[in-house]
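Report on the following structure.
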Amino acid sequence: MHEADGASGGVVDFGALSGNILEGGSIAPKLENATIKAELGRASWKLFHTMMARFPEKPTEEDSLALKAYIQLFARLYPCGDCASHFRELLKKFPPQISSRNSAAGWACHVHNQVNERLKKPLFDCNNIGDFYDCGCGDEKKAAGKAGARDLALDKKE
Ligand SMILES: Cc1cc2nc3c(=O)[nH]c(=O)nc-3n(C[C@H](O)[C@H](O)[C@H](O)COP(=O)(O)OP(=O)(O)OC[C@H]3O[C@@H](n4cnc5c(N)ncnc54)[C@H](O)[C@@H]3O)c2cc1C
């Protein structure tokens, strides 16, 4: 198993991003408006799953730690404070799987299904996750052939 995976039980050094920054409580207040909560949820899940679908199949250790830190911070900063707090409980039960695109996408599908179950929504078939979140971004292979996906112009520092 990849060393950065939460499930490995290994100690992860996040340097300055440690302690309460990653593991504190919800930063946003409770979100009362059900319509806004649902809209926010749909948009956020879309981002979340698409991010997993675009995560490298063979990430570096830093890529994996970046994803892990993102998920921890997402679970603190999510703008529905009560949702964020439920989500942090899920992260304790199901630590983020960050060793590859497949494991991250499968994990995200699983935790979304946990939320679906709690909200009494239908469960998603996670076998279809790969096709469903193909964002049509599709320039990766061509660009990777020339310069490598990591060096795409948008990623370059000014
Ligand atoms: C981290 C988080 C925590 C949340 N906690 C709460 C909460 O505590 N209380 C609350 O009321 N709302 C919560 N929400 C919002 C809630 O999950 C829904 O987003 C919202 O209710 C709208 O639901 P929906 O039926 O439109 O579909 P959503 O659950 O928003 O899903 C959007 C679309 O994603 C697809 N999908 C469904 N399940 C999966 C899956 N397992 N994997 C991949 N794709 C899938 C389907 O095509 C679906 O139409 C939370 C959202 C997030 C992101």
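The values are calculated or read from the model by the stated rules, or taken from the named source; none is laboratory data. A quick note: this is a predicted structure, and the numbers were derived from the prediction, not measured. Every residue, glycine among them, receives a Cβ derived from its backbone with ideal geometry; neighbour counts consider all protein chains shown.
Filtered by the rule that a residue be part of a helix (DSSP H, G or I) and loosely packed, with under 15 Cβ neighbours inside 10 Å, the stretch 51-65 gives 61, 62.
So which residues in the stretch 15-45 are polar (S, T, N, Q) and out of contact with any Ser or Thr (no Cβ under 6 Å at 6 or more places or on another chain), if there are any at all? 18, 20, 33, 35, 44 - these are the residues of the stretch 15-45 that are polar (S, T, N, Q) and out of contact with any Ser or Thr (no Cβ under 6 Å at 6 or more places or on another chain). Which of (1) touching a residue at least 24 places away in the same chain (Cβ under 8 Å); (2) farther than 19 Å from residue 54 by Cβ; (3) near the ligand (Cβ under 7 Å from one of its atoms); (4) surrounded by fewer than 16 Cβ atoms within 10 Å (Cβ to Cβ) does residue 132 not meet, given it meets every other one? The one condition residue 132 does not meet is (2).
The residue list 125, 155, 139, 82 contains one member that is over 24 Å from residue 17 (Cβ atoms) and modelled with pLDDT under 95, which is 139. I'm told residue 100 meets every condition in (1) within 26 Å of residue 19 (Cβ to Cβ); (2) in contact with a Pro (Cβ under 9 Å, 6 or more places away or on another chain); (3) buried (at least 17 other Cβ atoms within 10 Å of the Cβ) except one. Can you identify the failing condition by its number? It fails just one condition, (1). Scanning the stretch 74-97 for residues that are assigned to a helix (DSSP H, G or I) and either within 12 Å of the ligand (Cβ to nearest atom) or buried (at least 18 other Cβ atoms within 10 Å of the Cβ) (or both) yields a total of 15.
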